[in-house]
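A quick write-up on the structure given underneath.
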Amino acid sequence: MTDSEERPVERPVARGELTARELLRWTWRQVTSMRTALVLLLLLALAAIPGSVIPQAGVDALAVTRWKEEHTQLTPIYETLDLFSVYDSVWFSAIYLLLVLSLVGCIVPRLFVYAKALRAQPPKAPRNLSRLPDHTFYVTDAAPEQVLARAREVLGKRYRLRTVVDGEETDAVSAERGYLREAGNLLFHLSVLVVLAGFAIGGLFGYQGGVILVQGSTFSNSLTQYDDFDPGGLFTPEQLNDFDFTVDDFKVQWLKSGAGAGTARGFQAALSYKEGHGEEKSYDLKVNHPLSIGKTDVFLIGHGYAPVITIRDGEGNIAYTGPTVFLPQDASFVSYGVIKASSAQPTQVGLEGLFYPTFRLYEGDPVSVFPEDLDPLVSMLVYSGDLGLDSGKAQSVYVLDKDTATQVKKKDGKPFRIDLRPGDKVKLPDGLGTVTFDGVEPWIRVQISQSPGKRIALAGVIMALIGLCGSLYLRPRRVWVRARRAAPAEPAAGSDEGSGDTMTTVVEVAGLDRSGNGDLAAVLADVVAALKNEKESRT
Amino acid sequence: MSNAAWETLSNQAVAAAGLAYFIALLVHLAEWAALRQVAPREAALVGAAADGGESEVAAAPESDGRRTPGERVAFLGRLGFLVTCIAAGAHLVALVGRGMAADPNRVPWGNMYEFTTTGTFVVAVMYLALYRKFRLDWLAPLVVGFVLTTLMIAVIWLHEPVQPLREALNSYWLVIHVVAAIIATGAFTLGGMASLVYLLKARAGDSAKATQGWMARVPDLVSLDKIAYRVHAFAFPVWTFAVLITGPIWAHEAWSRYWNWDPKEVWAFITWVVYAGYLHARATAGWKGRNAAILALIGLATLWFNFIGINYFSTTSQHSYAIEGPVKAGVSRLPAG
Ligand code: HEM
């Protein structure tokens, strides 16, 4: 109802009397745009739902893979519908692009209307103020001119007043306020576009990559160093900032007692980093405290354990050595990992199993009773033969290809399992060699990303909020005060003071709430009180 | 006081608050029952006067000194209000105790139990604060009943001993983000109640029910719509601030992405869009009133679903208070290859 278009002033009930063209325009605005916008908004809400129940490739690629394995029938259907990447899908984009279109179609004309309205005078008082839904009157013996002057004074403070044009009747004061509401509304809707622009820039030019780094290792920022890399459509490798950093140390403060025992209180990774050929600096990377280098941010987002394991092959040569990243399976940090000694002779050796940070047997089952590596143990099964590494097919470092490998068994036919504590060494059967567990190193997972446009988006939402507050809290309204000498014969004055000989003045006060949400009765009562106040002080 | 003593105090204060809300509910139900004996017109007057104290009806005691039905209603209304104030006081003590029990002291918003107790507190306090301004006496049974029920749910199903904050929550953005989200949640809940009453009243129409007892005290549809709108209009910018400004800032610091379409984020966005729809609906011919009120309730449903329900539907949320154990962020996102 705030449509600045509406010109109800001369005739508050003018809607039926609009010209056909105006009617058409009004219909177009009200029905097409507002209702379309509303329907599109609700559609957008609806369309966002599937992405919260179905795993999303952009959020959790692993979960998507798992889901696909479990639902082989549904997968092709879901894939056709883009249900694994809802928020990049054609249909989702279509809805919000339509919304943007509708938004532009809505704002642009309103901008012009508003520009005009800003310069317009408050309209003349309607002929019959008592026809407005909110109106009141009182009778006074002050002269009309006096009342009107007072009205100008009272209203002039917070309202824009109509300046009297030559030849106009001057028995009334017209006042209007709350022009900024529409400005707020326009600012809000424009800001939505700004936010979308910021978001789009981030999506197109930004990237995020992740890498797991064992304590002591160094990362230098180039594409090949990332474990996973998710660039925007217009990303170019030249964007990568030139830096490297080393994880000198990683510490977790575990809570040892109390209700939160077993949860981490703090994580710190001490880094030393270098920008280009600059000097080396150090930084304590923590959760909630990313390191910013150029346009790139480095975040600490996960951690785990990398057992250091050495495999000597049947010929006594070291076929594999070093810390191997094991992935935590749950909050107890029991972690899963595989080791592939591809150069082992006479045949390749693969290990697959679990790492327990604080190993205990609980009713015969192996468990970890604490997530810190207080009493670590690795427990692994052994495979030998062809690990599928030579086929040229890309292989995950976290998966052991057992298709052509054979499990190493004990004499009695049960699987051969090695359980090692740090420093332990075990001899594999069949002359395969030996395995030693040398110790444990922590690893951290860092996320490295550029998010251009984030400041634009932020500025957009802040502007939107400001506009929103203006749009919601400003209450635009018009107030008219009319003062007329009451003809003694006129009973309309209906006042008990009107004695017939003394001249009385009837003061009518009426208002029009343009937001539809204000409490005009109270406003009018205030205006009347202020007007009367003056009268009393003068008499 | 030791931490354990604070925790005990907090638990006792929750119990006390629950008891007081329960008494307040009984008082309001008695008030409601008493309303039936009051003539319809009188009932409306009592309603109007309950905030001011003086009323033409209540001011005329019967000669034998017994209260008139109108007086009794007004008295019970005032009593219920007072008991609710006491309950809210105990509720506040419970929240403060929760924060003091943690080592180091912290804001009491670390898990679902704490969110829920704080959220209900906001509902109660907002109701008390707006009681006079909007003459909310008619909303009393609904508010007190809701707060009591939700508090019970929190104590029975969501209660957890005091723990230090998880690392990802340990940020001053938590304070800002969460406090805004909780205030908005409380306000949306209160506004949703007004919209619900709007729908009930619209449904009752001019039937006999609408002119008797409780319904007669409920403001007319236009005023109800305005009250609902005002509360929503307060909540919406606060929600915007919480989920579209501070949420992304915090997410950027903690998880490296300011918006990741994580299920919690998706639902916060859905809630936001639905409420934007509500605000639009109020300005759209044909959608005003009933449809707008329905949208407000849909918005509220999405809000509470996000708060509690989504945790059971999706496991990928990074909002770590929803999952057990240490921060899993990132670990679940490990590359498959
Ligand atoms: C991106 C989608 C949009 C969002 C998130 C949005 C959000 C909002 C919000 C929150 C309000 C409330 C502020 C108020 O009541 O003054 C509002 C009001 C308004 N919106 Fe939108 N809007 C969107 C698109 C549109 C479109 C496409 C149109 C054009 C038809 C439009 C026209 C209006 C109008 C005329 C108002 C003022 C209603 C009134 O005066 O109460 N909006 N919008």
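Below, the figures for the structure above:
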read-out	value
Under-5 Å amide H pairs with A:Val440, H placed in peptide plane, nonlocal only	A:Val308
Amide proton proximity set for A:Asp375, modelled H, under 5 Å, gap of 5+	A:Thr358, A:Phe359
Under 5 Å, built H, 5+ apart or other chain: amide partners of A:Ser217	A:Val247
Coil-residue trypsin sites (Lys or Arg not before Pro) of region A:244-320, DSSP, other Cβ within 10 Å capped at 15	A:Lys256, A:Lys295
Region A:271-350: GluC sites (Glu not before Pro) in DSSP loop, at most 12 other beta carbons within 10 Å	A:Glu279, A:Glu280, A:Glu315
Using θ = phi - 60° and Karplus 6.51 cos²θ - 1.76 cosθ + 1.60, couplings along region A:315-321 (whole Hz; Gly, Pro as x)	9, x, 8, 6, 9, 7, 7
Karplus-derived 3J(HN,Hα), 6.51/-1.76/1.60, for each residue of region B:182-190, Hz, glycine and proline x	6, 4, 5, 4, x, 5, 4, 4, 5
From phi via Karplus (6.51, -1.76, 1.60), per-residue ³J(HN,Hα) for region A:303-313 in Hz, x at Gly/Pro	7, x, 10, 10, x, 8, 10, 10, 10, 9, 7
Sites A:Lys281 and A:Glu238 - FRET efficiency at Förster radius 30 Å, r taken between beta-carbons, to 0.05	0.80
Extent along principal axes [Cα atoms of region A:318-448; Å; largest to smallest]	46, 39, 25
Region A:183-254: radius of gyration over Cα atoms, expressed as a fraction of 2.2 N^0.38 Å	1.66
Evaluated over region A:58-205, the Cα radius of gyration and Dmax, each in Å	28.5, 89
Filtered trypsin sites (Lys or Arg not before Pro), region A:44-135: DSSP coil and at most 14 other beta carbons within 10 Å	A:Arg127
Normalised convex hull volume, chain A, alpha-carbon set, Å³ per residue	278 Å³
Mean Kyte hydropathy of 1.0 or more with a Cα span along the axis of at least 24 Å, helices from DSSP in chain A	A:90-119, A:180-205, A:454-473
Cα gyration tensor shape of region A:393-452, rounded if a/c is under 1.5, else prolate or oblate by comparing a/b with b/c	oblate
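We did not get these values from a lab; they are worked out from the coordinates using the rules stated. Remember, predicted model here, so these are calculated numbers, not experimental data. No Cβ is skipped: glycine too gets one built from the backbone with ideal geometry, and neighbour counts run over all protein chains shown.
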